[in-house]
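Okay, structure first, notes after.
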Amino acid sequence: MSSEKNILVLNCGSSSLKFAVINSTTAETVISGLAERLGSNKATIAIKYNGEKQVVKLTENNQHLGAIEYLVSDLHTKNLSNSLTAVGHRVVHGGEVFTSSVIVTEHVINEIIRTSGLAPLHNPANLVGIQAAQKSFPTLPQVVVFDTAFHQTMPQHAYMYAIDRDLYTGKGLRRYGFHGTSHYFVSQEAAKHLKQSPAETSVITVHLGNGCSICAIENGQSVDTSMGLTPAEGLVMGTRSGDVDPGLIIYLMNQFNYSGQQIDDLLNKQSGLLGLSKMSNDCRTLEEAVFGDDKKLKEQAKLALDVFCYRVAKYIASYTVALSHLDAIVFTGGIGENSDYIRAQVISQLSILNIKLAKDLNEKARFGAFGEIQAPDSQFKVLVIPTNEEWVIAQDAARLSESK
Ligand code: ADP
């Protein structure tokens with residue numbers, strides 16, 4: 001059994017549950033895993049413990065609650081539940097109410113329910129996680145960490161859409177931003193690396209995973225980010241289009257009778273790398289095709305990655321507008337941490353800003369490597385920093401539960 005101060009971190013996605021037990025003093029991950037395809041007859045739960053991975057099919061109770069109940073009984077069996085001191089939950093949308101992590105109270109639950117309309121796939125799943133954990137661990141403090149909270153420092157000119165302002169005041173339609181925990185974590189790590197105070201560090205953080213977003217951070221605070229009201233705005237993603245002309249939606253509705261659901265599916269599930277390549281939403285698969293022999297696949301994969309990289313470069317250049325100085329550009333997320341190809345394609349389009357990579361350093365930065373990859377004569381530093389959202393959640397949960 002691992003020592004005291006263990007935090008159970010729960011991250012309920014729309015059809016998945018990521019979890020970990022993290023020691024908040026040593027940062028050791030005691031147990032971790034993923035339940036996938038929840039709600040379907042293919043639901044599974046995979047648990048990694050002591051270097052071994054066990055995968056179990058969730059046959060009867062295959063919803064989020066079933067996965068959490070399985071996890072809780074596994075923690076009991078492994079004698080780990082007694083070591084828990086708090087539970088930390090990732091909640092996707094905190095609206096304008098939550099600017100930082102909080103201890104769960106009835107008021108907090110009601111506010112998360114109130115914000116659910118803005119994240120209908122995620123907030124209800126997050127709530128299931130909170131309620132299941134309250135039931136299983138009634139004496140433990142529950143803490144929620146919001147994806148949107150870090151971006152609540154954005155100035156109004158960055159978060160307002162140029163639409164009738166009554167839609168903001170009356171219905172909360174504005175840009176909120178997501179991936180806040182990741183942008184916050186890597187910006188703090190960047191400040192540490194640069195031996196500067198976070199309050200004096202300005203960076204552009206580029207989170208490229210299945211979901212992708214970019215953030216301008218001025219003296220430690222988010223001042224702009226590419227995701228908006230929902231996580232669909234901004235960069236090209238695995239299956240999401242990112243920015244499109246709003247006229248495209250109207251055109252599809254008026255000319256081709258697309259329903260709201262069809263447009264939602266198109267822009268969120270069938271677009272991005274998958275839609276452009278007609279092959280895969282997975283960056284690795286597309287890179288393999290670009291360097292493979294099949295001419296047609298090569299062309300399709302290359303186009304998808306070209307659009308992806310051009311959009312990232314365009315956002316990086318545009319975010320220099322939001323900052324008074326720039327200490328570094330930081331790549332993170334599965335693609336940002338591992339793909340030297342994508343980083344090279346992005347940075348090569350920023351030569352007008354005199355940002356350059358060192359080829360050898362860029363090629364070496366992968367699989368958890370941390371460090372600088374710019375050329376000696378680059379005007380700005382370029383860093384690769386692995387993200388760790390679970391660690392931020394564990395730390396916030398430990399801090400808030402101790403001060404309770
Ligand atoms: P999520 O947003 O679901 O947390 P990740 O941050 O794990 O996703 O990122 C997943 C993406 O990272 C996938 O597109 C995957 O292909 C990409 N990726 C992971 N390893 C590599 C690699 N070595 N080279 C290129 N892309 C990679």
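The values are calculated or read from the model by the stated rules, or taken from the named source; none is laboratory data. These numbers were taken from a predicted model, which means no experiment stands behind them. Note that each Cβ is placed from the backbone with ideal geometry, even for glycine, and that neighbours are counted across all protein chains shown. These area figures cover heavy atoms from the full protein model, side chains too; ligands, DNA and RNA do not enter into them. Shrake-Rupley method; radii C 1.70, N 1.55, O 1.52, S 1.80 Å.
Determine if segment 246-257 includes at least one residue that is hydroxyl-bearing (Ser, Thr, Tyr) and either crowded, with 16+ Cβ neighbours inside 10 Å or within 16 Å of the ligand (Cβ to nearest atom) (or both).
No - not one qualifying residue is present in segment 246-257.
Would you check if residue 331 is assigned to a strand (DSSP E or B), in the same structural domain as residue 228 (by TED's automatic domain parsing) and within 16 Å of the ligand (Cβ to nearest atom)?
yes
Is there any pair linking a residue in segment 317-343 that is in contact (Cβ under 8 Å) with a residue 12 or more places away in the chain to one that is in a loop (DSSP other than H, G, I, E, B) and of a type in the set (Phe, Trp, Tyr), with Cβ under 7 Å and at least six apart or on different chains, and which?
Matching pairs, first to second residue: 326/380; 328/380; 329/380; 338/367.
Based on this model, can you work out whether residue 312 counts as crowded, with 19+ Cβ neighbours inside 10 Å, closer than 30 Å to residue 22 by Cβ and among the β-branched types (Val, Ile, Thr)?
No, not satisfied.
Search segment 58-87 for residues that are under 20 Å from residue 393 (Cα atoms) and pair each with any residue that is part of a helix (DSSP H, G or I) and of a type in the set (Val, Ile, Thr) when their beta-carbon atoms are under 9 Å apart and the residues are at least 6 apart or on different chains.
64/128; 68/128; 81/72; 87/130
Quick one: count up the residues across segment 42-53 that are open to solvent by 50 Å² or more (accessible area, probe 1.4 Å) and under 21 Å from residue 15 (Cβ atoms).
Qualifying residue count for the region: 3.
Quick check: is even one residue across segment 386-399 open to solvent by less than 50 Å² (accessible area, probe 1.4 Å), over 21 Å from residue 25 (Cα atoms) and at pLDDT 95 or above?
no
Only residues that are assigned to a loop (DSSP other than H, G, I, E, B) and surrounded by fewer than 16 Cβ atoms within 10 Å (Cβ to Cβ): list them for segment 280-294, please.
Selection gives 291, 292, 293, 294.
Which residues, counting only those in segment 222-231, are more than 24 Å from residue 194 (Cβ to Cβ) and either within 15 Å of the ligand (Cβ to nearest atom) or of a type in the set (Phe, Trp, Tyr) (or both)?
Correct list: 227, 231.
So if I check each of 219, 210, which one is within 16 Å of the ligand (Cβ to nearest atom) and open to solvent by 10 Å² or more (accessible area, probe 1.4 Å)?
Just a single option satisfies the conditions, and that option is 210.
Considering segment 162-187 alone, what residues qualify as being open to solvent by 70 Å² or more (accessible area, probe 1.4 Å) and modelled with pLDDT of 95 or more?
162, 163, 164, 165, 166, 169, 184
With respect to residue 23, is the statement that it is open to solvent by 20 Å² or more (accessible area, probe 1.4 Å), over 18 Å from the mean Cα position of the chain (by Cα) and not aromatic (Phe, Trp, Tyr) true?
Against the criterion (open to solvent by 20 Å² or more (accessible area, probe 1.4 Å), over 18 Å from the mean Cα position of the chain (by Cα) and not aromatic (Phe, Trp, Tyr)), residue 23 does not qualify.
Looking at 352, 373, can you tell me which residue is of a type outside the set (Lys, Arg) and in contact with a strand residue (DSSP E or B) (Cβ under 9 Å, 6 or more places away or on another chain)?
Among 352, 373, only 373 is of a type outside the set (Lys, Arg) and in contact with a strand residue (DSSP E or B) (Cβ under 9 Å, 6 or more places away or on another chain).
Quick test of your reading of the structure: residue 190 fulfils all but one of (1) surrounded by fewer than 19 Cβ atoms within 10 Å (Cβ to Cβ); (2) farther than 21 Å from residue 119 by Cβ; (3) outside the structural domain of residue 311 (by TED's automatic domain parsing). Name the failing condition by number.
Of (1) surrounded by fewer than 19 Cβ atoms within 10 Å (Cβ to Cβ); (2) farther than 21 Å from residue 119 by Cβ; (3) outside the structural domain of residue 311 (by TED's automatic domain parsing), only one is false for residue 190: (1).
Looking at (1) in the same structural domain as residue 274 (by TED's automatic domain parsing); (2) surrounded by 19 or more Cβ atoms within 10 Å (Cβ to Cβ); (3) among the charged types (D, E, K, R), find the lone condition where residue 200 falls short.
Tallying (1) in the same structural domain as residue 274 (by TED's automatic domain parsing); (2) surrounded by 19 or more Cβ atoms within 10 Å (Cβ to Cβ); (3) among the charged types (D, E, K, R), residue 200 fails exactly one: (2).
Taking the conditions exactly as written (within 27 Å of residue 89 (Cα to Cα), away from the ligand (no atom under 16 Å from the Cβ) and at pLDDT 95 or above), does residue 204 satisfy them or not?
Yes.
Any residue in segment 340-354 that is away from the ligand (no atom under 12 Å from the Cβ), open to solvent by 50 Å² or more (accessible area, probe 1.4 Å) and part of a loop (DSSP other than H, G, I, E, B)?
Within segment 340-354 (the criterion being away from the ligand (no atom under 12 Å from the Cβ), open to solvent by 50 Å² or more (accessible area, probe 1.4 Å) and part of a loop (DSSP other than H, G, I, E, B)), the answer is yes, since at least one residue qualifies.
Among the candidates 317, 304, single out the residue that is assigned to a helix (DSSP H, G or I) and either away from the ligand (no atom under 16 Å from the Cβ) or at positive phi (or both).
317
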